[in-house]
1. Can you give me the ranges of the helices (runs of 4 or more DSSP H) entirely in region 104-217 with at least 3 residues that are modelled with pLDDT under 90 and touching a His at 6+ places or on another chain (Cβ under 7 Å)?
2. Out of region 401-421, which residues are at pLDDT below 95 and open to solvent by less than 10 Å² (accessible area, probe 1.4 Å)?
3. State which residue pairs qualify: first residue in contact (Cβ under 8 Å) with a residue 40 or more places away in the chain and inside region 112-136, second residue aromatic (Phe, Trp, Tyr) and in a helix (DSSP H, G or I) in any location, beta carbons under 8 Å apart, and separation of 6 or more residues or different chains.
4. Pick out the one residue from Glu455, Glu486 that is open to solvent by 10 Å² or more (accessible area, probe 1.4 Å), acidic (Asp, Glu) and more than 24 Å from Gly351 (Cβ to Cβ).
5. Of these, Phe469, Phe475, Phe426, which one is modelled with pLDDT of 95 or more, buried (at least 24 other Cβ atoms within 10 Å of the Cβ), under 30 Å from Gly162 (Cα atoms) and not β-branched (Val, Ile, Thr)?
6. Report those helices (runs of 4 or more DSSP H) wholly inside region 261-331 carrying at least 1 residues which are out of contact with any strand residue (DSSP E or B) (no Cβ under 7 Å at 6 or more places or on another chain) and modelled with pLDDT of 90 or more.
7. Can you tell me which residue in region 218-235 is farthest from Pro54 (Cα to Cα), limited to those that are open to solvent by 30 Å² or more (accessible area, probe 1.4 Å) and outside any loop (DSSP other than H, G, I, E, B)?
8. Between Val326, Val344, Val297, which is open to solvent by less than 30 Å² (accessible area, probe 1.4 Å) and within 17 Å of the chain's Cα centre (by Cα)?
Amino acid sequence: MVGKNKTLQNTTNLRKEMESNINYRYSFKSIFAQVERKLVTYIRLFYSLALAGPCFIQTGIGIEITCSTIIIGALASNKSNNGLPPLTDEQASWFGSLLFLFTPLGSALSSLTLDHFGHKTCMIITNVPFIVSQIMFFYANSVGTLYACSMLMGISVGYSGGPSSAYIGEVCEPKLRGALMSATNVFYFVGSLLFTLIYAITLEWRLTVLIAMSIPIVTIAILFMTPQSPMWLLTKGEPLKAQQTLGKLRGWPSHETFSSKEFREMIAYTSTTMVHEDDDTEPDATSSWGQLLRPEVYRPFRLLLVYIFFANLLSGIQYVPYLVAVFTEFGAPVNVEFTLAFSVFLSTIGGIITIFLINKLGKRFLTLSTLLICSICYILIGLIGVYWTNSKPITSWLVLILFLTTTFMSSLGIMPIAWILLTEIFPMKSRNITCSAGGAMGYLISFFMIKYYLELSNFVNFYNTFTLFGISGLFGAVYFYFYLPETENKTLQEISEFFK
């Protein structure tokens, strides 16, 4: 009997010790969870495979847009032409701008297929014309082939805009959306930097495009492992899968995901959309295309077009295909190929800094400050180039430094913010169409700027173009001071309500 009581007492003591250990372990996990939440803002910059696909797509876009710069410069300098003669001004303007002309076609195809296939599948499809264009570049033996490659790249870039932008806007938390979108935009500069560095080292543009073809192949492999957007899954009647996907994206247990405010808002947001789709009494008002006539859609769309215009103008998009000639015109005694790579490196650094500044300073402040600085630098370049002509060794370095300053400042603010706004200022019902249409219009604006830049430069003089663009930027700063709202740390619903 005594032995039985002793055994019972030992069992009781053991149970108490186990409970004590369990409580201790639970407390440790609780403390760890609290510490983890303090660090989550910084860790989530790299928190999910979900953003890897869009990041690599941006890398590919950087390569595609830089292709014309490298090839036009290589052919003009007779470096590794491999049977292709130097391009005339007319041929160079078409080759440099056709990519931007065909992006609306890619965007239109994207808007027609995005609702049906979803973001993930569409992001995979966008790499197909990219791969084909790089193969054609490698074997190109005529100007016509170069044109065809530029068209294919335009379709690829246009098709990627809607799916990747809408996807990022939907999977990111409101407080991290700006920073994470800025992070993905950095990969655009990374793509350009890799491409220019490879060419600066090899001086063989055909070999450069062949190496660059590895990027879309890796992108496709990554996208096969990327989850679908939770919002898109909800619109397709799959709430359980949407719940599981959101939980994985946020690192929550499934029961927390279901009860979270964010998931409830997603359900309410998408439910409202689906109710409108089922309402046949007002088809024009509730259809995706009919929504374009609503104030909460056409007002942000108008703002976006104005923003993209000034962002392109003051980030120097019109100079991009001709940067080799621009740096040569400045006259500074530098290696043009490595100067080109250095300018892209500055853009990359600016994009990285944006990640950390955008949440603290906001998009409105960054827009106004960087736009003003770029405008002033452009005006100074124009005035120095026209009126200070008796000190060429000094002025050549001065205008180059001012130009590189605009490259850095535009990548710090106006350039990435333009594409961040694209992902967040439209209501969900029309987001797929407006993201595609907004991206298409942005690239169409770029087409006209690039296609007719050489004619404008011949008409008003090279340096006067900087003065003209700089003065235009000052007017843009005034417009944004009155009409650009602050969208940082706002939910998509709050932003949509602002424009109503």
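The values are calculated or read from the model by the stated rules, or taken from the named source; none is laboratory data. Model, not experiment: these values are computed from the prediction. We place every Cβ from the backbone using ideal geometry, glycine too, and count neighbours over all the protein chains shown. Accessible surface areas use protein heavy atoms only, side chains included; no ligands, DNA or RNA. Shrake-Rupley method; radii C 1.70, N 1.55, O 1.52, S 1.80 Å.
1. 143-171
2. The answer is Ser410, Ser411, Gly413, Ile414, Pro416, Ile417, Ala418, Ile420, Leu421.
3. Filtered contacts from region 112-136: Gly118/Trp232; His119/Tyr167; His119/Trp232; Lys120/Tyr167; Cys122/Tyr159; Met123/Tyr167; Thr126/Tyr159.
4. Glu455
5. Phe469
6. Output list reads 295-315, 323-330.
7. Going through the qualifying residues, I end up with Thr235.
8. Residue meeting the stated conditions: Val344.
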